[in-house]
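Working notes for the structure below.
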Amino acid sequence: MQARGPLMVEHRLIERMIALIKNAVLQIQAHGKVDPQFVDKTIDFIHIYADRTHHGKEEDILFRNLDKRPLSAADRRIMEELIQEHVSGRQATKALADANTRYRKGDTAAVSEIAEKFRALAALYPKHIEKEDKVFFPAARAYFTEEEDRAMIAEFWEFDRKMIHEKYRAILEGLELDAKR
């Protein structure tokens with residue numbers, strides 16, 4: 001397996017979440033209301049899985065290693081675009097969380113912002129994934145030897161192994177802070 005393999009498997013899960021997000025937008029349009037628990041679960045999925053776990057492997061491992069290579073101007077430009085798209089996803093997810101908080105507090109105007117941020121994520125991810133799968137990952141593979149590629153896979157697995165502990169440590173620390181208030 002090449003290092004891009006696990007990343008592409010993760011893309012398939014993200015695509016499944018995007019399909020659910022698109023369906024949620026249709027439901028919001030049809031009924032004018034939001035399921036705040038679905039929004040919470042979506043935020044968790046995008047934040048922890050798509051961004052922190054998936055984009056974490058890309059930025060902290062793949063892009064870090066590529067940054068040490070003499071990339072072509074085109075490959076460097078695409079990598080910078082991908083990083084900016086990650087930032088855009090983070091911003092949309094944060095705005096989605098803020099809108100959901102307002103909605104839970106009774107701000108019905110937040111419904112349109114939730115739908116807007118869902119649409120933004122649903123527009124961003126398919127194009128982003130296609131750019132990585134079909135253009136960037138194949139080009140990036142040429143910069144590594146087989147041994148370097150296998151080393152990245154091992155680093156991906158270690159990254160994943162630590163992620164579950166990071167998530168639940170953060171949850172526990174948040175609960176501890178709440179208990180002190």
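No lab work stands behind these numbers, since they all come straight from the coordinates. Remember, predicted model here, so these are calculated numbers, not experimental data. No Cβ is skipped: glycine too gets one built from the backbone with ideal geometry, and neighbour counts run over all protein chains shown.
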Checklist outcome for this item: Taking segment 122-180 and the residues there that are surrounded by 15 or more Cβ atoms within 10 Å (Cβ to Cβ) and of a type in the set (Lys, Arg), the one that is nearest to Val39 (Cα to Cα) would be Lys167
Item to check | Residues located in segment 8-35, provided they are among the charged types (D, E, K, R) and farther than 12 Å from Val111 by Cβ | outcome: Glu10, Arg12, Glu15, Arg16, Lys22
Checklist entry - Here is a list of conditions, (1) touching an Asp or Glu at 6+ places or on another chain (Cβ under 6 Å); (2) under 21 Å from Ala3 (Cβ atoms), and Ala99 meets all of them except one; can you say which number that is? => result (2)
Checklist entry - What's the number of the condition Thr93 fails, among (1) under 19 Å from Tyr49 (Cβ atoms); (2) surrounded by fewer than 17 Cβ atoms within 10 Å (Cβ to Cβ); (3) hydroxyl-bearing (Ser, Thr, Tyr)? => result (2)
Next on the checklist: Quick check on segment 21-34. Is at least one of its residues at positive phi and either among the hydroxyl-bearing types (Ser, Thr, Tyr) or exposed (fewer than 14 other Cβ atoms within 10 Å of the Cβ) (or both)?
Outcome noted: yes
Checklist entry - Tally time: how many residues in segment 74-86 are over 16 Å from Ile129 (Cβ atoms) and surrounded by fewer than 18 Cβ atoms within 10 Å (Cβ to Cβ)? => result 4
Checklist outcome for this item: Arg12 vs (1) surrounded by 13 or more Cβ atoms within 10 Å (Cβ to Cβ); (2) among the basic types (Lys, Arg); (3) in a helix (DSSP H, G or I): all pass except (1)
Next on the checklist: Just to confirm my filter: which helices (runs of 4 or more DSSP H) fall fully inside segment 33-126 and include at least 3 residues that are without any contact (Cβ under 8 Å) to a residue 40 or more places away in the chain?
Outcome noted: 36-44, 73-104
Item to check | Qualifying residue in segment 57-67 (condition: surrounded by fewer than 17 Cβ atoms within 10 Å (Cβ to Cβ) and more than 20 Å from the chain's Cα centre (by Cα)) | outcome: yes
